[in-house]
Amino acid sequence: MDTAGLDWEVILADNAGNEETASISKSFSSSLPLKFIIEKAPGKNNALNSALEHASGDLLIFTDDDVIPDSQWVKALVDATDRWTTADLFGGRILPKFPDGMAAPPIDDPVFLRLAYVIADWDLPEGKHPAGKIWGPNMMVRRRVFDRGLRFNPNIGPTGTSYVMGSETEFLLRASDAGHTAVYVPSAIVYHQIRPVQMTHSWIYGRAFRVGRGLAYNNKSKPVLKIKKWMLREFTNLFARYIYSYAVGTESERLMNGIKFHKMRGHIYQCYKGRG
């Protein structure tokens with residue numbers, strides 16, 4: 001990755017206190033400007049908030065551990081700040097890297113396909129766009145946003161296997177509501193590695209459940225989450241279609257009915273849990 005001319009550092013937040021992680025981090029300490037920290041409170045957002053306290057730059061870039069950056073990724077984001085001096089939120093394209101020899105599952109729902117595999121490849125020019133066009137694995141925020149006191153919500157985001165998805169989106173929407181402008185930078189590219197297990201129906205259904213939780217949690221038109229009768233009727237109908245498609249449907253029909261059912265299951269579950 002090209003970082004020539006940049007004063008930069010990498011902050012690696014270990015959210016498990018794993019000795020192997022510490023050993024791997026140490027092996028890169030001579031070749032990278034690396035800070036290694038441990039955050040014992042479980043949850044990705046706790047780790048991010050802890051890392052913020054150790055960051056020294058004016059521009060903070062966030063990504064995930066299953067991402068491969070393009071060689072010009074960092075420079076593309078940093079250079080954009082010179083063109084958009086009043087903007088504070090930046091993000092670029094996230095392209096899928098499916099396992100060799102494996103095509104995308106037959107998911108006949110482009111919106112869910114994007115959410116499931118974190119694909120952000122909007123057909124948009126560089127410029128100011130809604131903050132929801134910026135996704136977590138390819139995100140940069142000016143320090144002044146955090147200086148105002150904004151932090152990641154520790155009640156959502158990855159913690160174990162059942163959690164509310166969309167934690168970075170929730171943060172970005174709060175930042176946007178506070179007056180911070182978002183800019184989409186299509187030349188800033190990262191590749192999201194898809195593992196073989198993430199191509200299975202069981203993993204996809206788990207993802208649908210978490211997506212359903214996230215959609216309910218981040219629905220600002222519903223200040224109070226409640227289970228409504230129509231949700232239970234829809235849940236019953238979707239369950240019947242899900243079971244029926246496994247008896248007589250095609251693979252695509254089985255998969256799509258399963259996705260719809262588990263999304264609704266996650267939505268109802270989050271309405272039961274609320275936003276506490």
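Structure data summary
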quantity	calculated
Calculated Rg and Dmax of region 1-133 using C-alpha coordinates, Å	17.1, 47
Solvent-accessible area per residue, Å², over the chain with all protein chains present [probe radius 1.4 Å]	52
With Cα atoms, 0 to 90° folded angle of helix 201-217 axis to the chain main axis	80
Charged-residue dipole, Cβ positions (Lys, Arg, Asp, Glu), the chain about Cα centre, Debye nearest 20	1620
Net charge of Cβ neighbours under 15 Å - reference R143; Lys, Arg +1; Asp, Glu -1	-2
Positive dipole terminus of the chain, leading residue within G157, F261, M139 (C-beta point charges)	F261
Accessible surface of the chain [probe 1.4 Å, protein heavy atoms]: carbon and sulfur percent	54
Using θ = phi - 60° and Karplus 6.51 cos²θ - 1.76 cosθ + 1.60, couplings along region 6-17 (whole Hz; Gly, Pro as x)	9, 9, 9, 8, 10, 10, 9, 9, 8, 9, 9, x
Folded to 0 to 90 degrees: helix 251-273 orientation relative to the chain principal axis, Cα	70
Residue-count net charge about T161 - beta-carbon cut-off 11 Å; Lys, Arg +1, Asp, Glu -1	+2
Correct choice for Cα Rg over 2.2 N^0.38 Å that was computed from the model, options (1) 1.36; (2) 1.06; (3) 1.13	(2)
Unit charges at the beta carbon, dipole of region 39-79: most positive-side option, V78, L52, F62	L52
Region 64-172 - charge dipole about Cα centre, Lys and Arg +1 at Cβ, Asp and Glu -1, debye rounded to 20	520
Net +/- balance of residues flanking S50 in space, Cβ distance below 13 Å, scoring K and R +1, D and E -1	+1
Along principal axes, Cα extents of region 182-276, largest first, whole Å	45, 38, 19
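The values are calculated or read from the model by the stated rules, or taken from the named source; none is laboratory data. As the structure is a prediction and not an experimental result, all values here were calculated from the model. Note that we place each Cβ from the backbone using ideal geometry, even for glycine, and neighbour counts take in every protein chain shown. Each accessible area value is taken on the protein alone, full model and side chains, heavy atoms only, with ligands, DNA and RNA left out. Shrake-Rupley method; radii C 1.70, N 1.55, O 1.52, S 1.80 Å.
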